[in-house]
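The values are calculated or read from the model by the stated rules, or taken from the named source; none is laboratory data. These numbers come from a predicted model, not from an experiment. Cβ sites come from the backbone with ideal geometry, for glycine too, and all protein chains shown count toward neighbours. For accessibility, only protein heavy atoms count, side chains too; no ligands or nucleic acids. Shrake-Rupley method; radii C 1.70, N 1.55, O 1.52, S 1.80 Å.
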Amino acid sequence: MAVSAVATLLFLLVASPVAFAANHVVGGSGGWSQSGDYSTWAAGETFNVGDTLEFNYGGSHGVDVISKNDYDNCNTGNAIESYSDGKTTIKLSKAGPMYFTCPTFGHCQTGMKLAITVKDSSTLSGSPPSSTTPSTPSTPSTPSDSNGATGHFGSMNKFVVGVSVVLGAMFAFMC
């Protein structure tokens, strides 16, 4: 019985952070493209340490992690990290602002850039969503379910997984 209780406790300690991490698909179903409105998309999301950002894009695009200054000036020459694999997943490992852009010439200037603020996962969930969204030129976008939809479904998944973990632990202790 003691071994089963210790094993369950270890499982809960390891599984809990993973169970409550969200995967944010940048731009929703529209993905990372020139037609996205990333300020609006980010405003509908809450980013926490441990979450991931998933960028889905075609061959003419990429993802650069950049500084605030480079974000403000659309400078893609000093990227902190660069990706061009078509499906990039970036783990949000620390709290604070993060900045992203497409390194293709002219794409940042037309609005293909993203600024977010990652909250410490210990921050109370009752606070309003936070995102840093400096003004960007308006880009046309078509209405879709991409504005925050993944965030709502991600929350439901976290709830279901959390309840499952708690019920599993209760069952293990009863046996």
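Out of the residues in the range 22-46 meeting the condition of being outside any loop (DSSP other than H, G, I, E, B) and among the hydroxyl-bearing types (Ser, Thr, Tyr), tell me which one is least open to solvent (accessible area, probe 1.4 Å).
Of the residues in the range 22-46, the ones outside any loop (DSSP other than H, G, I, E, B) are 23-25, 28-30, 38-43.
Now restrict to residues that are among the hydroxyl-bearing types (Ser, Thr, Tyr): 29, 38-40.
Details: Ser29: 94, Tyr38: 5, Ser39: 31, Thr40: 65 Å².
Among those that are outside any loop (DSSP other than H, G, I, E, B) and among the hydroxyl-bearing types (Ser, Thr, Tyr), it is Tyr38.
Would you check which residues across the range 111-127 are outside any strand (DSSP E or B) and either aliphatic (A, V, I, L, M) or modelled with pLDDT of 95 or more (or both) and list them? Steps first, please.
Kept after step one, since they are outside any strand (DSSP E or B), are these residues of the range 111-127: 111-112, 120-127.
Result: Gly111, Met112, Leu124.
Taking the residues in the range 62-84 that are small (Gly, Ala, Ser) and open to solvent by 10 Å² or more (accessible area, probe 1.4 Å) as candidates, determine which candidate is farthest from Asn48 (Cα to Cα).
Gly77
Can you say whether Asn157 is at pLDDT below 60 and touching a Ser or Thr at 6+ places or on another chain (Cβ under 8 Å), as far as the supplied structure shows?
Here the answer is no, as Asn157 does not meet what is asked.
Return yes when Ala2 is surrounded by fewer than 17 Cβ atoms within 10 Å (Cβ to Cβ) and at pLDDT 90 or above and no when it is not.
Values: surrounded by fewer than 17 Cβ atoms within 10 Å (Cβ to Cβ): yes; at pLDDT 90 or above: no.
It is false that Ala2 is surrounded by fewer than 17 Cβ atoms within 10 Å (Cβ to Cβ) and at pLDDT 90 or above.
So in the range 57-76, with the set limited to residues that are in a helix (DSSP H, G or I) and polar (S, T, N, Q), which one is farthest from Gly36 (Cα to Cα)? Steps first, please.
We begin by selecting, within the range 57-76, every residue in a helix (DSSP H, G or I); these are 68-73.
When the remaining residues are screened for being polar (S, T, N, Q), the result is 69, 73.
On the way: Asn69: 22, Asn73: 19 Å.
Checking each candidate, the answer is Asn69.
Report, by residue number, each residue of the range 48-63 that is under 19 Å from Lys87 (Cβ atoms) and under 15 Å from the mean Cα position of the chain (by Cα). Spell out the reasoning first.
Looking only at the range 48-63, we keep the residues that are under 19 Å from Lys87 (Cβ atoms), and these are 51-63.
Matches in the range 48-63: Asp51, Thr52, Leu53, Glu54, Phe55, Asn56, Val63.
Scan the range 47-56 for residues that are assigned to a loop (DSSP other than H, G, I, E, B) and touching a strand residue (DSSP E or B) at 6+ places or on another chain (Cβ under 7 Å) and report the count.
Initial filter on the range 47-56 (assigned to a loop (DSSP other than H, G, I, E, B)): 49-51.
Going one step further and asking which of them are touching a strand residue (DSSP E or B) at 6+ places or on another chain (Cβ under 7 Å), we end up with 49, 51.
Total satisfying the criteria: 2.
Go over the candidates Lys87, Lys94 one by one and state the one that is under 17 Å from Ile116 (Cβ atoms), out of contact with any helix residue (DSSP H, G or I) (no Cβ under 9 Å at 6 or more places or on another chain), without any contact (Cβ under 8 Å) to a residue 60 or more places away in the chain and surrounded by fewer than 18 Cβ atoms within 10 Å (Cβ to Cβ). Outline the logic, then answer.
Working: Lys87 fails: under 17 Å from Ile116 (Cβ atoms).
Within the list Lys87, Lys94, the selection yields Lys94.
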